[in-house]
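The next block holds one structure in the form of C-alpha coordinates; read it before the comments.
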Amino acid sequence: MTHVLALLVTALLIIPARADSQGWPPEAVEVLGRFVGEWETHTRIRQHSVPPREFEARGKGAGQRTLEGHYVEFRSWTVPPGQAELQIMTYDVMAGRYRQWVFDSDGYRHQADGRWERTSSTLKWEGTAEGNSFVIEDRWVSPDRLEWTLRRMDGKGRRLQTIEGVLTRVRREE
(Lines give C-alpha, C1' and ligand atoms only; values in the text may rest on other atoms or scores of the structure.)
Protein backbone atom coordinates (compact mmCIF):
# COMPACT_ATOMS: atom_id res chain seq x y z
CA MET A 1 0.00 0.00 0.00
CA THR A 2 2.80 2.45 0.80
CA HIS A 3 4.33 1.74 -2.64
CA VAL A 4 1.06 2.69 -4.34
CA LEU A 5 0.84 5.87 -2.28
CA ALA A 6 4.48 6.73 -3.03
CA LEU A 7 3.90 6.20 -6.78
CA LEU A 8 0.79 8.37 -6.70
CA VAL A 9 2.61 11.20 -4.88
CA THR A 10 5.58 10.96 -7.31
CA ALA A 11 3.25 11.07 -10.32
CA LEU A 12 1.49 14.15 -8.96
CA LEU A 13 4.83 15.91 -8.48
CA ILE A 14 6.07 15.34 -12.04
CA ILE A 15 2.82 15.97 -13.93
CA PRO A 16 2.77 19.65 -14.94
CA ALA A 17 0.04 21.74 -13.38
CA ARG A 18 -3.00 22.14 -15.60
CA ALA A 19 -3.61 25.66 -16.90
CA ASP A 20 -7.11 25.99 -15.52
CA SER A 21 -8.69 27.77 -12.63
CA GLN A 22 -7.52 25.01 -10.28
CA GLY A 23 -3.87 25.16 -11.40
CA TRP A 24 -3.55 28.90 -11.96
CA PRO A 25 -2.42 31.28 -9.25
CA PRO A 26 -5.50 33.09 -7.84
CA GLU A 27 -4.30 36.37 -9.36
CA ALA A 28 -4.27 34.87 -12.89
CA VAL A 29 -7.85 33.62 -12.46
CA GLU A 30 -8.91 37.12 -11.37
CA VAL A 31 -6.97 38.97 -14.10
CA LEU A 32 -8.35 36.97 -17.03
CA GLY A 33 -11.80 36.91 -15.43
CA ARG A 34 -11.90 40.69 -15.85
CA PHE A 35 -12.54 40.18 -19.59
CA VAL A 36 -15.70 38.10 -19.04
CA GLY A 37 -19.00 39.81 -19.82
CA GLU A 38 -20.62 41.94 -22.51
CA TRP A 39 -18.99 45.19 -23.63
CA GLU A 40 -19.36 48.31 -25.75
CA THR A 41 -16.18 49.28 -27.59
CA HIS A 42 -14.76 52.50 -28.97
CA THR A 43 -11.50 52.44 -30.93
CA ARG A 44 -9.32 55.08 -32.60
CA ILE A 45 -6.71 53.87 -35.10
CA ARG A 46 -3.90 56.17 -36.20
CA GLN A 47 -1.66 55.17 -39.10
CA HIS A 48 1.70 56.98 -38.87
CA SER A 49 2.18 56.98 -42.63
CA VAL A 50 2.47 59.71 -45.23
CA PRO A 51 -0.13 61.08 -45.23
CA PRO A 52 -1.18 60.10 -41.71
CA ARG A 53 -4.65 58.58 -41.42
CA GLU A 54 -7.06 58.21 -38.53
CA PHE A 55 -10.18 56.06 -38.15
CA GLU A 56 -12.72 55.53 -35.40
CA ALA A 57 -14.95 52.54 -34.81
CA ARG A 58 -17.62 51.59 -32.32
CA GLY A 59 -18.81 48.12 -31.60
CA LYS A 60 -19.59 45.38 -29.16
CA GLY A 61 -17.64 42.62 -27.47
CA ALA A 62 -18.26 39.49 -25.45
CA GLY A 63 -15.84 37.59 -23.22
CA GLN A 64 -16.36 34.12 -21.79
CA ARG A 65 -14.40 31.30 -20.23
CA THR A 66 -14.11 28.36 -22.59
CA LEU A 67 -12.64 24.84 -22.86
CA GLU A 68 -13.29 23.91 -19.24
CA GLY A 69 -11.92 27.25 -18.01
CA HIS A 70 -8.50 26.83 -19.61
CA TYR A 71 -8.99 29.91 -21.84
CA VAL A 72 -10.86 33.19 -22.04
CA GLU A 73 -12.32 33.89 -25.47
CA PHE A 74 -13.04 37.52 -26.35
CA ARG A 75 -14.91 38.35 -29.56
CA SER A 76 -15.50 41.88 -30.80
CA TRP A 77 -17.23 43.33 -33.85
CA THR A 78 -17.98 46.75 -35.27
CA VAL A 79 -21.47 48.24 -35.41
CA PRO A 80 -22.48 48.45 -38.21
CA PRO A 81 -20.86 45.11 -39.15
CA GLY A 82 -17.66 45.11 -41.15
CA GLN A 83 -14.80 44.12 -38.88
CA ALA A 84 -14.52 41.34 -36.31
CA GLU A 85 -11.81 39.96 -34.05
CA LEU A 86 -11.26 36.83 -31.99
CA GLN A 87 -8.86 36.97 -29.06
CA ILE A 88 -7.94 33.92 -26.99
CA MET A 89 -6.07 34.30 -23.69
CA THR A 90 -4.72 31.93 -21.09
CA TYR A 91 -2.18 31.68 -18.31
CA ASP A 92 0.86 29.48 -18.90
CA VAL A 93 1.59 28.00 -15.47
CA MET A 94 4.96 26.54 -16.48
CA ALA A 95 6.25 29.87 -17.92
CA GLY A 96 4.49 32.10 -15.40
CA ARG A 97 3.18 34.27 -18.27
CA TYR A 98 -0.09 35.13 -19.93
CA ARG A 99 -0.54 34.05 -23.57
CA GLN A 100 -2.68 35.73 -26.21
CA TRP A 101 -3.66 34.85 -29.79
CA VAL A 102 -5.54 37.35 -31.97
CA PHE A 103 -7.23 36.80 -35.35
CA ASP A 104 -9.28 39.34 -37.30
CA SER A 105 -11.63 39.34 -40.27
CA ASP A 106 -8.94 40.92 -42.52
CA GLY A 107 -6.65 37.91 -41.98
CA TYR A 108 -4.33 39.60 -39.47
CA ARG A 109 -3.08 37.42 -36.62
CA HIS A 110 -0.57 37.64 -33.81
CA GLN A 111 0.65 35.87 -30.72
CA ALA A 112 1.80 37.72 -27.61
CA ASP A 113 3.21 37.08 -24.15
CA GLY A 114 1.89 39.10 -21.25
CA ARG A 115 2.61 40.01 -17.69
CA TRP A 116 0.40 41.58 -15.05
CA GLU A 117 1.56 44.80 -13.42
CA ARG A 118 -0.47 44.90 -10.22
CA THR A 119 0.48 48.45 -9.18
CA SER A 120 -0.90 49.97 -12.40
CA SER A 121 -3.65 47.34 -13.00
CA THR A 122 -2.16 46.77 -16.44
CA LEU A 123 -1.80 43.58 -18.46
CA LYS A 124 1.09 44.29 -20.84
CA TRP A 125 1.39 42.16 -23.98
CA GLU A 126 4.42 42.03 -26.30
CA GLY A 127 4.95 40.25 -29.59
CA THR A 128 5.81 40.43 -33.27
CA ALA A 129 3.66 40.08 -36.37
CA GLU A 130 4.41 40.54 -40.05
CA GLY A 131 8.00 41.56 -39.21
CA ASN A 132 6.94 44.34 -36.83
CA SER A 133 6.93 44.46 -33.04
CA PHE A 134 4.02 45.61 -30.91
CA VAL A 135 3.15 46.37 -27.31
CA ILE A 136 -0.41 46.31 -25.99
CA GLU A 137 -1.28 47.75 -22.60
CA ASP A 138 -4.68 46.74 -21.19
CA ARG A 139 -5.20 49.11 -18.23
CA TRP A 140 -8.16 48.58 -15.94
CA VAL A 141 -9.36 51.94 -14.63
CA SER A 142 -12.34 50.30 -12.92
CA PRO A 143 -13.86 46.80 -12.86
CA ASP A 144 -16.13 47.77 -15.77
CA ARG A 145 -13.78 49.95 -17.85
CA LEU A 146 -10.66 48.89 -19.74
CA GLU A 147 -8.53 51.46 -21.57
CA TRP A 148 -6.01 49.93 -23.95
CA THR A 149 -3.27 51.07 -26.29
CA LEU A 150 -1.45 49.18 -29.04
CA ARG A 151 1.78 50.58 -30.47
CA ARG A 152 3.18 48.88 -33.57
CA MET A 153 6.82 49.58 -34.58
CA ASP A 154 8.92 48.57 -37.56
CA GLY A 155 12.32 46.85 -37.29
CA LYS A 156 14.05 50.22 -36.77
CA GLY A 157 11.78 51.24 -33.91
CA ARG A 158 9.71 53.72 -35.94
CA ARG A 159 6.06 53.92 -34.91
CA LEU A 160 3.78 52.58 -37.64
CA GLN A 161 0.42 52.54 -35.90
CA THR A 162 -1.22 53.50 -32.63
CA ILE A 163 -4.58 52.10 -31.63
CA GLU A 164 -6.39 53.36 -28.54
CA GLY A 165 -9.53 51.76 -27.27
CA VAL A 166 -12.04 51.75 -24.45
CA LEU A 167 -14.18 48.82 -23.39
CA THR A 168 -17.14 49.55 -21.13
CA ARG A 169 -18.90 46.58 -19.57
CA VAL A 170 -22.65 46.59 -20.08
CA ARG A 171 -23.35 43.19 -18.50
CA ARG A 172 -21.45 40.81 -16.26
CA GLU A 173 -21.47 37.05 -16.74
CA GLU A 174 -24.33 35.45 -14.84
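The values are calculated or read from the model by the stated rules, or taken from the named source; none is laboratory data. Computed from a predicted structure; not experimentally measured. Positions of Cβ are generated from backbone atoms using ideal geometry, with glycine treated the same way; all protein chains shown enter the neighbour counts.
If the Cβ limit is 9 Å and pairs must be 6+ apart or interchain, which residue in segment 102-124 that is over 15 Å from VAL31 (Cβ atoms) pairs with which residue that is among the hydroxyl-bearing types (Ser, Thr, Tyr)?
Listed pairs, sorted by first residue: VAL102/TYR108; HIS110/THR128; GLN111/THR128.
Take the residues in segment 72-91 that are under 23 Å from GLU137 (Cβ atoms) and modelled with pLDDT under 95; name whichever of them is surrounded by the fewest Cβ atoms within 10 Å (Cβ to Cβ).
GLN83
State whether the residues of segment 29-51 include one that is crowded, with 16+ Cβ neighbours inside 10 Å, free of Cβ contacts under 8 Å to residues at least 60 places away in the same chain and more than 14 Å from the chain's Cα centre (by Cα).
There is no residue in segment 29-51 that is crowded, with 16+ Cβ neighbours inside 10 Å, free of Cβ contacts under 8 Å to residues at least 60 places away in the same chain and more than 14 Å from the chain's Cα centre (by Cα).
May I ask you to list the residues in segment 100-127 that are over 20 Å from TRP77 (Cα atoms) and part of a loop (DSSP other than H, G, I, E, B)? Even if it seems obvious, please write down each step before you answer.
At the first step, the residues of segment 100-127 found to be over 20 Å from TRP77 (Cα atoms) are 112-127.
Scanning segment 100-127 gives a single hit, SER121.
Among the residues of segment 159-168, is there at least one that is at negative phi, surrounded by fewer than 15 Cβ atoms within 10 Å (Cβ to Cβ), touching a helix residue (DSSP H, G or I) at 6+ places or on another chain (Cβ under 9 Å) and not hydrophobic (A, V, I, L, M, F, W, C)?
No, because not a single residue in segment 159-168 is at negative phi, surrounded by fewer than 15 Cβ atoms within 10 Å (Cβ to Cβ), touching a helix residue (DSSP H, G or I) at 6+ places or on another chain (Cβ under 9 Å) and not hydrophobic (A, V, I, L, M, F, W, C).
Every residue in segment 128-153 that is surrounded by 14 or more Cβ atoms within 10 Å (Cβ to Cβ) and either basic (Lys, Arg) or not in a strand (DSSP E or B) (or both), please.
ARG139, ASP144, ARG151, ARG152
Among (1) within 15 Å of the chain's Cα centre (by Cα); (2) more than 14 Å from GLY61 (Cα to Cα); (3) acidic (Asp, Glu), which single condition is GLU85 missing?
The one condition GLU85 does not meet is (2).
Filtering segment 92-127 down to residues that are β-branched (Val, Ile, Thr) and farther than 27 Å from GLU56 by Cβ, which residue is surrounded by the most Cβ atoms within 10 Å (Cβ to Cβ)?
First pass over segment 92-127, keeping only residues β-branched (Val, Ile, Thr): 93, 102, 119, 122.
Subsequent filtering for residues that are farther than 27 Å from GLU56 by Cβ retains 93, 119.
Details: VAL93: 16, THR119: 5.
Filtering segment 92-127 for residues that are β-branched (Val, Ile, Thr) and farther than 27 Å from GLU56 by Cβ, the one surrounded by the most Cβ atoms within 10 Å (Cβ to Cβ) comes out as VAL93.
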